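> The structure that follows is given in the form of structure tokens.
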Amino acid sequence: MFFLFMFLGCVEYQMHDQADQPLGDNTPVDEEPVERPEKTVDSDTGDTAVWDLDIPLLPEIGELVITELMIDPSSVSDGNGEWVELHNTSTATLDLFGCALGDMGVDGFVIEEVFPYSLVIEPGGFAVVCADHDNATNGGVECQGAFLYQSFGGGFALSNVADEVILISNDGKYLDTVSYGEGFSRTGASMGTQVNTNTSSNDNTDNWCKQADPLPGGDLGTPGRSNSCP
């Protein structure tokens, strides 16, 4: 059994899905959802964060879709340039706080905010979760979330050959899963799928294609916006 530690408050958290099916070697457990700590007052301004419209909701199955993967960047190392794009297909504002990325092996890491509330996604919006959230060193990608780049446990990484990407809610549900095999990834370009409210559409790798828009660092991709496939 392995444990994931949230970067805010170091909350201990074990991942499992809605059917008590373990992720990798995890032992199924009953776990309460992880909640945000209460908002704090800014010591300089006295301000607190205010929601413009709706109070963000925790995502449910079918509301968040994995839509783009930078698996094998060429302008920077994998440890700097890998990223995963998530799309909010719902009509509600969603909060990814406490959600995790994992695979069917030992990878698993609770997504970190790049800045406070950066993981709040408006309806129809996107969040890009990166191994390196600094756009000066990650190939020029703007990131809303971050993961620790580390294979074989304790972090998360995308295999260049074959892998799974599982998005897990903060109460352990599998929100979306994408699996790919050898020959799927392209060096120096992300693989993306067109947005579809049916999360099962991204299960078929035939619905994915190489993205061709240039990024500031020299690679190709469309992080944070709609993808284009023939």
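Throughout, read-outs are computed from the coordinates displayed, never taken from laboratory work. Since this is a predicted model, take the numbers as computed values, not measurements. Here the Cβ is made from the backbone with ideal geometry for all residues, glycine too, and neighbour counts use every protein chain on show.
> Mind listing the long-range amide H neighbours of V195? Cut-off is under 5 Å, sequence gap 5 or more, other chains count too, H placed in the peptide plane at 1.01 Å from N.
Close amide H contacts, sequence-distant or interchain: N227.
> Something else now. Taking the Cα centre of segment 52-165 as origin and charging only Cβ (+1 Lys, Arg; -1 Asp, Glu), how large is the dipole, in debye to the nearest 20?
Dipole about the Cα centre, nearest 20: 100 debye.
> Using the Cα atoms of segment 56-224 to build a convex hull, what is its mean projected area in square nanometres? Write down the numbers at each step before the final one.
Numbers: hull surface 33.4 nm².
With the hull built on Cα positions only, its mean projection is 8.3 nm².
> To continue, here is another question. With 10 angstrom as the radius, rank D72, D203 by how many other C-beta atoms surround their C-beta, starting from the fewest.
On the way: D72 20, D203 14.
Fewest-to-most ranking of D72, D203: D203, D72.
> Taking every DSSP beta bridge that has both residues in segment 122-209, what percent is antiparallel when rounded to the nearest 5?
Numbers: 9 of 12 bridges.
The antiparallel proportion sits near 75 percent.
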